[in-house]
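S.K.: First the structure, which I've put down as structure tokens, then a few questions once you've had a look.
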């Protein structure tokens with residue numbers, strides 16, 4: 001029988017196997033009083049099962065407050081972390097992503113035996129591809145629409161995040177396109193506010209982009225933030241599509257899986273998936289989600305690009321975590337002949353040309369968007385120099401040319417590396 | 001100028017006022033390099049402002065990992081918790097709930113200066129009621145449809161959570177209705193799985209409920225779990241409505257705000273809002289959301305009933321937190337003549353008649369659903385006795401009759417109190 005598998009990091013003063021059994025019961029057939037209908041045959045057929053329990057370490061005390069304390073037969077209390085795997089029969093669970101979310105990440109995180117619980121990964125069987133199709137564009141489609149091949153897309157963000165009028169936004173887009181940018185995104189704070197309405201913004205920006213596209217022979221990609229009420233997202237997409245846009249952006253946590261499915265299915269454009277709010281899902285290492293687990297839902301649901309933060313970012317995330325996220329975006333979720341559901345990772349946050357070398361070394365790929373805000377526009381010689389410096393850095397990194405060598409060969413890169421080192 | 005206000009609990013080794021200013025910048029006009037366009041006039045008009053900073057306490061060390069360390073002029077590092085208030089001009093922000101979520105709860109929780117950040121409350125100006133209407137039914141509408149007045153609705157959950165066929169579900173509903181139940185809900189794990197498809201379940205359950213309604217003169221309310229892909233949620237609602245159902249259930253975290261807006265607007269039935277997954281948003285006291293802040297989004301978006309856990313629940317939540325949540329559900333979000341957006345709190349999790357007295361004392365209201373699973377069905381004298389015991393408990397509590405006195409007057413209540421005390 002095909003099963004959906006999920007792995008967790010748990011922390012408890014129970015025997016980890018007992019705690020895992022409680023999780024499996026809570027998320028399938030159980031209740032706190034054993035009912036007559038729960039026969040063994042019934043459990044075999046419908047219950048979640050504990051497939052693996054691997055002890056990791058003992059720790060001094062509980063990571064999260066509120067957990068129960070379970071002494072052993074000698075009265076000793078030991079707090080342990082373990083990795084466990086549960087699985088659910090598809091026969092009972094079905095193929096609905098929102099229901100999978102309620103099952104693998106529902107009423108688990110506050111179970112009393114747990115002083116920590118984090119979803120590490122979810123292994124979706126390929127049956128899910130009969131209902132969800134994953135990214136419509138992905139890496140190849142994004143490259144086709146943007147005309148950028150065999151190197152990262154150099155991206156940026158409209159800043160200030162809020163306050164620019166449609167006309168001012170278009171002027172900034174004009175400068176960025178003149179400077180050679182490949183990809184521009186709205187800020188997640190800017191969707192359809194009174195001061196910069198969506199329609200006005202698209203109408204002001206797209207003629208500028210079309211003009212540059214005529215000049216360049218390929219169209220810089222602008223991800224218009226359609227995030228909002230569901231019918232408005234569809235309308236905004238339709239308007240953007242009509243006016244020649246080649247990408248929409250959606251804030252995943254603002255919209256949720258169900259709303260995202262609606263717009264992703266409707267969309268005829270790549271969906272740039274923004275993860276703002278990710279911190280509340282992941283900041284504590286013993287709570288919430290790993291990016292790898294969480295991103296699989298959105299990949300299956302139709303995200304084409306996913307934000308993964310950047311190396312030496314301005315947030316709290318470690319580089320190792322950023323790298324693991326980016327690599328997972330580029331690793332197929334399903335083996336051929338199924339759709340791989342790979343997505344383009346988006347590096348951003350405090351990025352400058354300086355991060356190109358170890359970003360490349362970490363992901364061993366140029367199938368990504370490297371987005372820099374101030375890291376491009378604050379280049380002392382202007383936006384064009386900022387874009388070119390980032391491109392030079394990636395060309396060098398991908399060709400195995402060292403940072404010092406590359407800097408000696410490009411004044412714009414050298415200036416950038418010196419300026420942002422400050 | 002009207003502003004949206006949000007309060008936070010923060011923890012940092014910076015001066016709290018400086019950390020608050022970084023939050024305001026990040027969530028409005030800022031970027032990590034100051035741009036030319038950011039004039040003072042510009043900031044006054046569009047930027048978020050820090051309206052209050054109240055120090056709470058110094059603590060020994062950071063609650064969350066990854067935070068920056070900021071020594072004072074003497075090289076001393078002090079970790080502090082503070083409550084702060086930020087506000088945003090509506091003129092710039094607009095009235096879009098998903099955008100508000102990206103603004104007040106976006107890229108904040110992983111800001112490097114913060115070793116803790118929790119959204120405590122959001123004060124929506126009544127302008128939001130021009131776009132969102134709040135609960136369509138709320139307390140009065142729920143009472144009207146269910147015919148239960150001047151006392152709590154006695155509720156329960158279909159258990160086992162999964163594994164029952166539509167026919168077995170209907171048989172359980174028959175027993176529960178025969179026992180006098182007011183409210184029954186699907187489990188959140190049960191939506192439209194192969195073994196118990198939604199349509200089959202509604203078609204099996206509703207004739208049973210209609211038969212009891214004819215007998216009773218009022219219709220027990222069944223919350224059918226419509227959670228899923230957006231178009232399927234609407235179809236499921238329509239089917240349930242056609243077949244005489246009086247409530248639908250939605251798992252908020254599985255669906256997200258945008259998907260929820262879609263089904264809540266479409267719905268002609270009260271929406272029972274399930275908060276499964278709430279633990280990952282709230283379990284760490286220095287991260288995520290308070291229920292009061294989080295629930296305001298769903299109340300405005302159209303939830304009619306909201307789960308608040310229960311006193312002495314089987315999860316980790318303290319009673320004080322449960323009480324604060326329940327009281328906030330019953331407290332208007334807006335003053336007359338605006339819609340109050342009050343919702344019916346749902347007490348559940350390890351509930352028995354024993355909790356009626358202090359639940360009533362805490363909320364000073366009977367406008368709630370008290371849901372018990374095993375707390376009803378495991379009553380030694382059967383389901384009817386279980387329902388009546390819970391009703392007796394609430395009647396006594398509301399009339400100021402003590403637990404001992406009530407137990408002496410009702411054998412079914414006495415039996416329940418003794419049985420569940422074990």
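S.K.: For residue B:140 and residue B:266, what is the calculated FRET efficiency with R₀ set at 22 Å and r taken between the beta-carbons, to the nearest 0.05?
M.R.: Once the sixth-power term is evaluated, E becomes 0.55.
S.K.: So for each of B:382-388, B:246-252 I average, over its residues, the number of other beta carbons within 10 Å; can you give me the resulting order with the highest mean first?
M.R.: B:246-252, B:382-388
S.K.: Would you give the gap between the C-alpha center of the range A:57-113 and the C-alpha center of the range A:377-422, rounded to a whole Å?
M.R.: 48 Å
S.K.: For the range A:223-285 and the range A:324-367, what is the centre-to-centre distance using only Cα atoms, to the nearest Å?
M.R.: Distance between centres, Cα-based: 20 Å.
S.K.: I need the inter-copy label distances for residue B:72: point set 7 Å along Cα to C-beta, values in nm with one decimal, smallest first.
M.R.: For residue B:72, the other copies' label points sit at 4.6 nm, shortest first.
S.K.: P(r) for the range A:241-295: what percent of alpha-carbon pairs falls in each 5 Å bin, starting at zero?
M.R.: 4, 17, 25, 20, 15, 9, 6, 3, 1, 0
S.K.: Same structure again: Taking R0 as 60 Å, what's the FRET efficiency between residue B:238 and residue B:74 from their Cβ-Cβ distance, rounded to 0.05?
M.R.: It comes to 0.30.
S.K.: Let me ask something else about it. Over the whole of A:87-99, what's the average partner chain Cβ count within 10 Å per residue? Rounded to a whole number, please.
M.R.: Counting other chains' Cβ atoms within 10 Å and averaging over A:87-99 gives 6.
S.K.: Mind pulling the angle between the C-alpha long axis of helix B:230-242 and the longest principal axis of chain B? Nearest 10 degrees, somewhere in 0 to 90.
M.R.: Taking Cα atoms only, the helix is inclined about 30 degrees.
S.K.: With the alpha-carbon atoms as the only input, what is the per residue convex hull volume for the range A:312-377 in Å³?
M.R.: Spelled out: Cα convex hull of the range A:312-377, divided by residues, is 85 Å³.
S.K.: Another question, then. How many Cβ atoms of partner chains, on average, are near each residue of A:332-344 if near means within 10 Å of its Cβ?
M.R.: The mean count of partner-chain Cβ atoms within 10 Å per residue comes to 0.
S.K.: For helix B:198-216, report the angle its Cα long axis makes with the longest principal axis of the Cα atoms of chain B; keep it between 0 and 90° and round to the nearest 10°.
M.R.: The two axes meet at around 60 degrees.
S.K.: Here is a further query. Sorted by average packing, counted as other Cβ atoms within 10 angstrom per residue and highest first, what order do A:64-70, B:333-339, A:103-109, A:302-308 take?
M.R.: Most protected by this proxy first, the peptides run A:302-308, A:103-109, A:64-70, B:333-339.
S.K.: How far, in nm to one decimal, is residue B:421 from itself in the other copies if the label point is set 7 angstrom along Cα toward Cβ? Shortest first, please.
M.R.: Ordered by distance, the counterparts are at 7.7 nm.
S.K.: Expressed as cubic angstrom per residue, what is the convex hull volume of the alpha carbon set of chain B?
M.R.: It comes to 164 Å³ per residue, whole-number rounded.
S.K.: Related question: Among B:134, B:217, B:228, which one moves the most in a GNM of chain B with springs linking Cα atoms closer than 10 Å?
M.R.: Answer for the Gaussian network model of chain B: B:217.
S.K.: Kindly state, to the nearest 0.05, the FRET efficiency for residue A:178 paired with residue A:149, given R0 = 30 Å and r defined as their beta-carbon distance.
M.R.: In this case the efficiency is close to 0.90.
S.K.: At residue A:175, label 7 Å along Cα→Cβ: distances to the other copies, nm, ascending?
M.R.: Output for residue A:175: 7.2 nm, nearest copy listed first.
S.K.: Return the percentage of antiparallel bridges among DSSP beta bridges fully within chain A, rounded to the nearest 5 %.
M.R.: 50 percent
S.K.: Over all Cα pairs of the range B:303-422, how is the pair count split among 10 Å bins, expressed in % and running from 0 up to the last occupied bin?
M.R.: 14, 43, 31, 9, 3
S.K.: May I pose another question? What is the gain in length, in nm to one decimal, between residue A:55 and residue A:405 on full extension, counting 0.36 nm per residue of separation less the C-alpha to C-alpha distance?
M.R.: Stretched fully, the residue A:55-residue A:405 segment lengthens by 121.3 nm.
S.K.: Right, here's the next one. When Rg is the radius of gyration of the Cα atoms in the protein assembly as shown and Rh is its Kirkwood radius, what does Rg/Rh come to?
M.R.: We get a ratio of 0.98 for the protein assembly as shown.
S.K.: Tally the DSSP beta bridges in the protein assembly as shown and give the antiparallel ones as a percent, rounded to 5.
M.R.: Within the protein assembly as shown, antiparallel bridges account for around 50 percent of the total.
S.K.: Here is a follow-up. Quickly work out the residue B:361-to-residue B:215 label distance, labels modelled 7 Å from Cα along the C-beta direction, and quote it in nm with one decimal.
M.R.: 3.7 nm
S.K.: Also, I was wondering about something else. What does the helix-only formula give at 222 nm for chain B: each DSSP H stretch with n ≥ 4 adding -39500 (n - 2.57), the total divided by the residues, and the result rounded to the nearest 500 deg cm²/dmol?
M.R.: -12000 deg cm²/dmol, from helical runs alone.
S.K.: Build a GNM of chain B with springs between Cα atoms under 10 Å: which of B:44, B:151, B:118 gets the top mean-square fluctuation?
M.R.: B:44
S.K.: For the range B:1-150, take every pair of Cα atoms, bin their distances at 10 Å starting from 0, and report each bin as a whole percent.
M.R.: Spelled out bin by bin, the range B:1-150 gives 10, 33, 28, 16, 9, 3, 1 percent.
S.K.: In peptide B:369-382, what is the residue-averaged number of other protein chain Cβ atoms found within 10 Å of each Cβ?
M.R.: Averaged over the peptide's residues, the number is 2.
S.K.: Between B:54, B:342, B:156, where does the largest GNM mean-square fluctuation fall for chain B, given springs only between Cα atoms within less than 10 Å?
M.R.: Checking each option, the largest mean-square fluctuation is seen for B:54.
S.K.: At residue A:133 and residue B:41, where each label point lies 7 Å from the Cα along Cα→Cβ, what is the point-to-point distance in nanometres?
M.R.: 5.1 nm
S.K.: Taking 4 °C and 1.567 mPa s as the conditions, I'd like the Stokes-Einstein D for the range B:109-185 in µm²/s, using the Kirkwood hydrodynamic radius from alpha carbon pairs.
M.R.: 76 µm²/s
S.K.: Follow-up question, since we're still on this one. Chain B: which residue's Cβ hugs the B-to-A rotation axis most tightly, distance rounded to whole Å?
M.R.: B:256, 0
S.K.: Here is a follow-up. Write down the radius of gyration of the range B:137-286 and its Dmax, each obtained from C-alpha positions, in Å.
M.R.: 15.1, 52
S.K.: Right, here's the next one. Pairing the Cα long axis of helix A:411-421 with the longest principal axis of chain A, what angle in degrees results, from 0 to 90 and rounded to the nearest 10?
M.R.: Approximately 50 degrees, to the nearest ten.
Since every read-out is calculated from the coordinates, none of them should be taken as a lab result. Small disclaimer: the values here were computed from a predicted structure and weren't measured. Quick reminder, even Gly has a Cβ in these numbers, built from the backbone with ideal geometry, and neighbours come from all protein chains shown.
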